[in-house]
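The values are calculated or read from the model by the stated rules, or taken from the named source; none is laboratory data. Since we're looking at a predicted model, the values are computed, not measured. Neighbour counts run over all protein chains shown; Cβ positions are idealised from the backbone, glycine included.
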Amino acid sequence: MAILEVIGLSKNFGGLTAVNKVSFSVEKGKVMGIVGPNGSGKTTAFNLVTGFIKPDSGRVVLNGEDITNLKPHVIVSKGMARTFQVARVFRHLSVYENIKAAKLLKVKKGESLDGKIAEVVSLVGLKGKENEQALNLPIGDLKRLEIGRALATDSLVLLLDEPFSGLSHFEVGEIVSLLLDLVKGGMTVVIVEHVLRELKRLAEYIIVLDFGVKIAEGLFEDVINQQVVREAYLGGGTGASNK
Amino acid sequence: MKNGQGVLWPPSNLFRKRPVYSGVFLFSILELFFPLLIRDYWILRIIMFANIFVIYAIAYDLLAGYAGLISFGHSLFFGGAGYVAGLLSLNLGWPLIVCIATGCATALIFGLLLGYLCLRLKGPYLAVVTLICPLVLVTIVHLSPTYLGGDNGIAGFAQLAGGSLRSQFYIVLLLTILSLFAILLLAQGNLGLLLKTIREDEMGAEAAGINTANYKVLAFVISGVFAGLAGTLYVHIMGSVAPATLSPHYAILPIIMIFLGGASSIVGPAIGAYVITILDLYLLAFPYVRVIIYAAIIVIVLRFIPGGLIAVPKEIRRFKKWQSSRS
């Protein structure tokens, strides 16, 4: 059963169609990649799905429930959390406080808040850095912290916007294994990324956007070898944009 | 709250590791003896006014320091609540406690209105809108000399405790201590953390599942009510209220207080309130010099001790460490 379903999502900014009738669905416990060259509408699609921008048309269905036009924090409370391209952590707060802010409203009666926070902190591998201010963390830890904050909201679906940008090869490996662990635990993950080499290790199923239009969809290997996808990335005589 | 940790309650433990709160506590106890120790009428009166401005400054700190919503029109609450309390007392002769409560309720409504009005505003836009609001009220007052007193304001209503300075001092002190601890508990507890996330990154806060709109309005309301309390106390001690209480001067005062004392620390702004109130009353006769001095204070503090007076011990420790690392 599809946990997240996006049907005919569109958004115009003035005369520019950033996202044009994009549809996709993600199965529970799977990893899906959204790829495409710069400016292809990946991040806008993300913002539409998570409620940060209101779509002009189309629907978003999470777990059988229509969540189109809901506010971002309501969507988070329904079980879908996201990260940002440039980590939007709370810079002047400690790692502990960053996680606590997200966990605060999620702790049930009788559960220990501190225990739950410690659980998340060790899960994302930030143990021992609880009292560090976020602004002193290296970028790899910031990405972990942001994933931790998303996990702290008890999310079922995780939307990651370029989680590998700015990371070294080694750091990427660590994040990938963290994500693989999460998926093994039943988490559903959607990743926007244009570093295909790294995405290959995670996502078996991808969709490709170009100029806001979904131009291809399918298993990673099949899609990457399609002519339209290669043209979208590299340019070509009959580029997808000219169709 | 459906389940789980309350946002407003329980608060975190205040005295656990912060000697500065014990300091506040000691100072409050010391002030209990001030009316017995200090014979000078004016000095006692100035300390009382300082306490009123402590309430005003810490209320402002919750909004500006914690939630990062720097309002340039907090005099809307201070003067607005003051006017309501004064008018009720003068025209209807209600008991003072009812006038003060109604004044605070008015501030609450102002807080809701201004909060919703400013939901999508940030930085300079927020500053401009909040700056305009009390000025609109001033204009209304100017246009209505018969009912609202016009330029002269209104005078001759009941004074707190019948004008007895010693009783006034104790009433104000009690309310100051209560407000100080109430706001400290809120700010150091979960509410303070959630407000700080809005200051740090509003989109990030939304992504963490925090209803930023609600908490922003809540910050305006709580801050407004306490500012209103300060305003009503102020006018009932003066026995009069002038349009000046709505002026930008009274909106700038808490801003200077929190930056001088150290924003988002509650105790810092309380210290700042003492320094600025005393300075303000001594400089009353030199309105232009006053502005220059305040500007100089802001520039010097932000340049040399951005953490404010409350950060001075930390700065000294850092300086000593730096010195010893050089030798």
* Asked: buried (at least 24 other Cβ atoms within 10 Å of the Cβ) and within 14 Å of chain A (Cβ to nearest Cβ) - does that describe any residue in segment B:242-250?
  -> no
* What about residue B:154, is it in contact with a Gly (Cβ under 8 Å, 6 or more places away or on another chain) and within 14 Å of chain A (Cβ to nearest Cβ)? -> no
* Which of the strands (runs of 3 or more DSSP E) contained wholly in segment A:22-106 include at least 1 residues that are facing chain B (nearest Cβ under 9 Å) and within 27 Å of residue A:205 (Cα to Cα)? -> A:80-82
* Structure fact -> Among residues of segment B:196-232 being among the β-branched types (Val, Ile, Thr) and without any contact (Cβ under 8 Å) to a residue 24 or more places away in the chain, the residue surrounded by the fewest Cβ atoms within 10 Å (Cβ to Cβ) is B:212
* Asked: Would you pick out the residues in segment A:62-91 that are in contact with a Ser or Thr (Cβ under 8 Å, 6 or more places away or on another chain), crowded, with 21+ Cβ neighbours inside 10 Å and in contact (Cβ under 8 Å) with a residue 24 or more places away in the chain?
  -> A:75, A:76, A:80, A:81, A:82, A:90
* Would you point out the residue of segment B:195-226, among those that are assigned to a loop (DSSP other than H, G, I, E, B) and touching a Ser or Thr at 6+ places or on another chain (Cβ under 7 Å), that is farthest from the other protein chains (Cβ to nearest Cβ)? => B:210
* Filter result (more than 12 Å from residue A:158 (Cα to Cα) and crowded, with 22+ Cβ neighbours inside 10 Å) within segment A:48-61 -> A:48, A:51, A:55, A:60
* To do: Only one of these is touching a helix residue (DSSP H, G or I) at 6+ places or on another chain (Cβ under 6 Å), without any contact (Cβ under 8 Å) to a residue 60 or more places away in the chain and in the same structural domain as residue A:205 (by TED's automatic domain parsing): A:34, A:53. Name it.
  => A:53
* Out of B:102, B:139, sole residue that is within 19 Å of residue B:222 (Cβ to Cβ) and among the polar types (S, T, N, Q) -> B:102
* What pairs come up if the first residue lies in segment A:169-194 and is polar (S, T, N, Q), the second is in a loop (DSSP other than H, G, I, E, B), and their beta carbons are under 7 Å apart, counting only those six or more places apart or on different chains? -> A:188/A:28; A:188/A:29; A:188/A:30; A:188/A:156
* Asked: List, please: which pairs have Cβ atoms under 6 Å, are six or more places apart or on different chains, and start with a residue in segment B:248-270 that is under 18 Å from residue B:22 (Cα atoms) and of a type in the set (S, T, N, Q) and end with one that is modelled with pLDDT under 90 and surrounded by fewer than 24 Cβ atoms within 10 Å (Cβ to Cβ)?
  -> B:265/B:310
* List, please: which pairs have Cβ atoms under 9 Å, are six or more places apart or on different chains, and start with a residue in segment B:289-307 that is under 19 Å from residue B:262 (Cβ atoms) and end with one that is among the hydroxyl-bearing types (Ser, Thr, Tyr)? -> B:307/B:265
* To do: Please specify each residue of segment B:249-271 satisfying the condition of being in a helix (DSSP H, G or I), of a type outside the set (A, V, I, L, M) and under 23 Å from residue B:193 (Cβ atoms).
  => B:254, B:259, B:261, B:268, B:269
* Any idea which of B:119, B:108 is assigned to a helix (DSSP H, G or I) and either out of contact with any Ser or Thr (no Cβ under 6 Å at 6 or more places or on another chain) or not hydrophobic (A, V, I, L, M, F, W, C) (or both)? -> B:108
* Residue check, residue A:127 more than 23 Å from residue B:198 (Cα to Cα), modelled with pLDDT of 90 or more and either in the same structural domain as residue A:168 (by TED's automatic domain parsing) or surrounded by fewer than 17 Cβ atoms within 10 Å (Cβ to Cβ) (or both) -> yes
* Asked: Within segment B:270-327, can you find the residues that are within 20 Å of residue B:45 (Cα to Cα) and either touching a Leu at 6+ places or on another chain (Cβ under 6 Å) or at pLDDT 90 or above (or both)?
  -> B:270, B:271, B:272, B:273, B:274, B:275, B:276, B:277, B:278, B:279
* Meets criteria (surrounded by 11 or more Cβ atoms within 10 Å (Cβ to Cβ), modelled with pLDDT under 95 and outside any helix (DSSP H, G or I)) for residue B:137 -> no
* Determine which single condition residue A:160 fails, assuming it passes every other condition in (1) in contact with a helix residue (DSSP H, G or I) (Cβ under 8 Å, 6 or more places away or on another chain); (2) outside the structural domain of residue A:41 (by TED's automatic domain parsing); (3) in contact (Cβ under 8 Å) with a residue 40 or more places away in the chain. => (2)
* To do: Assess whether residue B:229 counts as being part of a helix (DSSP H, G or I), at pLDDT below 95 and either away from chain A (no Cβ under 14 Å) or out of contact with any Asp or Glu (no Cβ under 7 Å at 6 or more places or on another chain) (or both).
  => no
* Answer residue from segment A:140-165, given it is of a type in the set (Asp, Glu) and part of a helix (DSSP H, G or I) and is nearest to residue A:114 (Cα to Cα) among those -> A:146
